[in-house]
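The numbers here are math on the coordinates, done by the rules we state, and not lab data. Source: prediction; values computed, not measured. Note that we place each Cβ from the backbone using ideal geometry, even for glycine, and neighbour counts take in every protein chain shown.
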Amino acid sequence: MVEKKGLLYEGKAKKLYQTDEKDVLWVEYLNQATALNGAKKDQIQGKGELNNQITSIIFEKLSEKGIKHHFIKQLSPTEQLIQQINMIPLEVVLRNVAAGSFSKRLGVPEGTELAFPIVEFYFKEDALDDPFINDDHVLVLDIANKEEIEFLKAEAKKINQALIEIFTEAGIRLIDFKLEFGRLADGTIILGDEISPDTCRLWDLLTNDHLDKDIYRRDLGDIVPVYQEVLDRLTKIA
Ligand code: UDP
């Protein structure tokens, strides 16, 4: 049994603890919800539990589909064990359908199917509001090399295909999502962070109703029953 040790890092939605095992971290999912880069903040009872369970099911499903990631196992409703990786400070966003910042910036109506899935990079730096950057910026800022950039794009597209299969089975349309990757000691890049309605836009396959954090961002109602619906649907196919 792995033992929980000292707090390593506290983020907006998760706490990370060391363990007595080398390169194994203990994650606790929190109930805090944030939007607008932290300007909007609330405690939402039950949110941590829902995201931990949803992320755990998705990572297990991704394993079945041959995707490498940091998830080891779920420990409790709000906790999981992960492999420690050296996080790459990028938000890798994949879009299948226009929404959110893409629609706003480019004037493409929300809900427009894109001709092919696209990958975007954002520099993960709170103080700068996570700016949108291109491949040259990634290179010049020494965030990743050319080969790694190509790997991140290809891997994000592979994960997109796997997630589309998973969510479609659950009656959910995958609009867009954000991934974070990290490096193992030998430099191998694997998927990290979480995959949940906080990090994906998920629309009901039949009604296009929001099943994600836009409910919170746009003050459309209570996220708990909506995230519960996503968990229930994933549990049914798990
Ligand atoms: N996203 C995220 N964390 C962020 C920014 C975006 O998980 O800090 C996710 C978001 O949930 C959506 C996708 O990335 O699924 C694309 O988000 P977008 O750029 O449209 O930004 P937003 O409209 O959320 O500000």
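For the pair D186 and N134, a Förster radius of 30 Å applied to the C-beta separation gives a FRET efficiency near 0.60, rounded to the nearest 0.05.
Net charge dipole, the chain: roughly 200 debye, given to the nearest 20, about the Cα centre with Cβ charges of +1 for Lys and Arg and -1 for Asp and Glu.
Taking Cα centre as origin and charging only the Cβ of basic (Lys, Arg, +1) and acidic (Asp, Glu, -1) residues, the dipole magnitude of the stretch 40-90 rounds to 160 debye.
Rounded, prolate or oblate: which one fits the stretch 97-196, using the alpha carbon gyration tensor with axes a ≥ b ≥ c (rounded when a/c is under 1.5, else prolate when a/b beats b/c, else oblate)? Verdict is oblate for the stretch 97-196.
Rounded to the nearest 20 debye, the dipole magnitude of the stretch 81-219 is 280 debye, with +1 charges on Lys and Arg beta carbons, -1 on Asp and Glu beta carbons, and the Cα centre as origin.
Label separation (I237 vs I44): 2.2 nm, computed from points 7 Å beyond Cα along the C-beta direction. Between L205 and E113, residue separation times 0.36 nm minus the direct Cα-Cα distance comes to 31.8 nm. Within the same chain, aspartates and glutamates fewer than 8 places from K5 are excluded, and of the rest, those with a Cα less than 15 Å from its Cα are D20, E21, D23, E28, E79. Taking each DSSP H run with n ≥ 4 as -39500 (n - 2.57) and averaging over every residue of the chain yields -9500 deg cm²/dmol at 222 nm.
Among M1, M87, the ranking by other beta carbons within 10 Å of each residue's beta carbon, starting with the fewest, stands as M1, M87.
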